[in-house]
1. In percent, what relative contact order does the range 432-485 have, based on Cα pairs under 8 Å that are 6 or more apart in sequence?
2. Under the definition of Cα pairs under 8 Å and six or more residues apart, what whole-number percent is the relative contact order of the range 51-129?
3. Give me the net charge of R307's neighbourhood, meaning all other residues with Cβ under 14 Å from the Cβ of R307; Lys, Arg count +1, Asp, Glu -1.
4. When the Cα centres of the range 1-65 and the range 425-485 are compared, how far apart do they sit, in Å?
5. Sort the range 19-125 into rounded, prolate or oblate with this rule: let a ≥ b ≥ c be the square roots of the eigenvalues of the Cα gyration tensor; rounded if a/c is under 1.5, and if a/c is not under 1.5, prolate when a/b is larger than b/c, oblate otherwise.
6. Put +1 on the Cβ of each Lys and Arg and -1 on the Cβ of each Asp and Glu in the range 108-158; which of Q128, V153, G142 then has its Cα farthest toward the positive end of the dipole?
7. What FRET efficiency comes out for the pair D270/E452, r = Cβ-Cβ distance, R0 = 45 Å, nearest 0.05?
8. Note down the relative contact order for the chain as a percent, whole number, built from C-alpha pairs under 8 angstrom at least six residues apart.
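A short reminder: the numbers here are calculations on the coordinates, not readings from a lab. Only a predicted model underlies this, so the values are computations on that prediction, with no experimental measurement involved. A quick note on method: Cβ atoms are made from the backbone with ideal geometry, for glycine too, and the neighbour counts reach across all protein chains shown.
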Amino acid sequence: MSAPKEQALFVGGAWVAPDAGHYAVVDPATEETVGLAPEASRDQVRAACAAAREAFGPWSRTAPEERCAVLARAADIIRSRLGPCAELAQAETGATTGVARGMQVGVAAARFRRYARVEPAEWAIEPQVNEAGPMGKAVVMGALAVRQPVGVVTCITSYNNPWANPAGKIAPALAMGNTVVVKPAPQDPLSVYRMAEALEAAGVPRGVVNVVSGRSVEVGEAAVDSPDVDMVSFTGSTAVGQRIAEACGRSMKRQLMELGGKGAALVFEDADLGSAVAGIGTTFSFYSGQICTAPTRVLVQRSVHDRLVEQLAAYAGRLRVGDPRETGTVVGPVISAAHRERVESYVELGRKEGATVAAGGERPPLERGFYVAPTLLVDCRPDMRVVREEIFGPVVTVTPFDDEEEGIALADDSDYGLIDYVWSADVARAFRVARRLRAGGVGVNTVGRNMEAPFGGFRRSGVGRDCGSYALHAYSEVQSIVWPG
C-alpha cells in the first residue's frame, strides 16, 4: 500500500506546506488512514484572510456574469470528477455509496450550478413625494435597494457533509462578490481541498477562495478573529456557535449560524404510519443519524403509540449495518471512535433515566469501524436528557401525547427549533399545527426538502437563513440609493 498523501493548504491561489505539519484522516469504516491533512498555523490562517481581503476589491467589481461563469465551470468539473470525489468523501465520512455520490458530491455540484445564474441585485422602490417644508422644496424621491457583498467571509463547515455544506456557503458567497476563507471540519477536510482544486481549474482568481484546516482550536479562532474578516458562516454545534457569536459580537461581524437540532416528529392517530415510519427511520440510516434535521424526537398520539413503536422497532431491526461500500448497506459508521462513545453513552443514559430500548442498544459485532446500531428508546419522558439534548447519531426517542394541544406543547418544549415534522391525514390540521410550531421549517407528511426554501432555525438552532435566493441575501448587505426625481 502506498504511503498516505500529504495535503497542502490553499492560500492566496498557491498550494503551500503547513507550518504545523500534518495529521491522519481516518476512514471511520476501516480505521485506516485516508490521507494526511495539513495543520495550519495561526499566521497561515491570517495570511489566508489577508489574501481574501486583497482579492475582494477586484472580485466584487467583476461582472456578475463572469462570477457565475466560474461557478458553472466548477460545477461541471466537480461533476466530471464524481467517481473519485465520491470515493474520497466515502472514505472520510463513512457515507454509503449512494449518499456519497448523490447527497454529498452530487448536491455540491448542483449548488454551484444553482448559483451560476445571475439574479437581480437591485430593486426599485416606489417613489415618494416629499411635500415642501423645512428640508426644502417639494420633490419626488426615487430610490433603489442594492445588494452589496459583505466582504471576506469565513466559512466553517461541518463534518457530516464535506461537499454539500461547503458548497452551500462558497457558491452563494462568491456569486454575490464576496471572497472566502474556508475552515473545514478536522475529521474530513480532504474533500474540501478537492473542491478548491475544482474552483482553481474553473478560473477563480488568486485569493478569492482559500482553504485552511487543522485540529487545533486556534485555527478556527484565527479565522474568526482576523480583522480582515467581515462575516462568519458556521455550521456545527450550538456550543461552538455561541463562542463564535461572542467573538463576532466584539467587532460586529455579520453571522450566519446553522446550529443544532432536536427535530420533533408529531404523529397523529390518523397518520399514514408507514409514511411516518419511513420518514422517522431516516434518522437511523441517513448519515447514521449525524444530521441536524433528523426527526429524532417522536411524539405520537397515544391511541397509535404501540403500533408505531412496533413498526419502528421492526424497521430498525431490518436495516443492514456495515461496510458502506457494500451493496445493501443502509447504516454506515459514525465519524469517529470518540463520537461512537458519545452516542453509546447517551443510550446508556437513557436506560438509567428509565427509557426502554425497543431496538438496538448494543454495539454491532463488526471487527473494525465505528458502528452504532439503530436504536429506539421508548417510555421516554419530556424531561429526560436523551429527549432534550442533541445526540447526533442513529437514536430515536418516543414520547406519547393525548391531544393536539399537548403535542404542540411538547414539540415546542425544546432549546432547539430547526426542523419539525407533522404526520396527519387531515391536511388542514397538519398545516394548522405546522404554523404553530416554533421551528425554522416544518415537513408535512415528509422529510423531504425543497432546496429553494429558506433554511435555518429558531432559538438555539441558529441565526439567519440560507438556501435558494435566501443564501444570496445572507451573503450580502442591503444599500439604499436615493435621488431627486
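1. 23
2. On the way: 53 pairs, mean separation 29.2, N = 79.
RCO, the range 51-129: 37 percent.
3. Values: positive: R302; negative: E269, D270, D272, D306, E310.
Net charge in that neighbourhood comes out at -4.
4. Computed from Cα coordinates, the inter-centre distance equals 32 Å.
5. Numbers: a/c = 3.10, a/b = 1.36, b/c = 2.28.
Oblate.
6. V153
7. Calculated value: 0.90.
8. On the way: 1159 pairs, mean separation 83.5, N = 485.
RCO, the chain: 17 percent.
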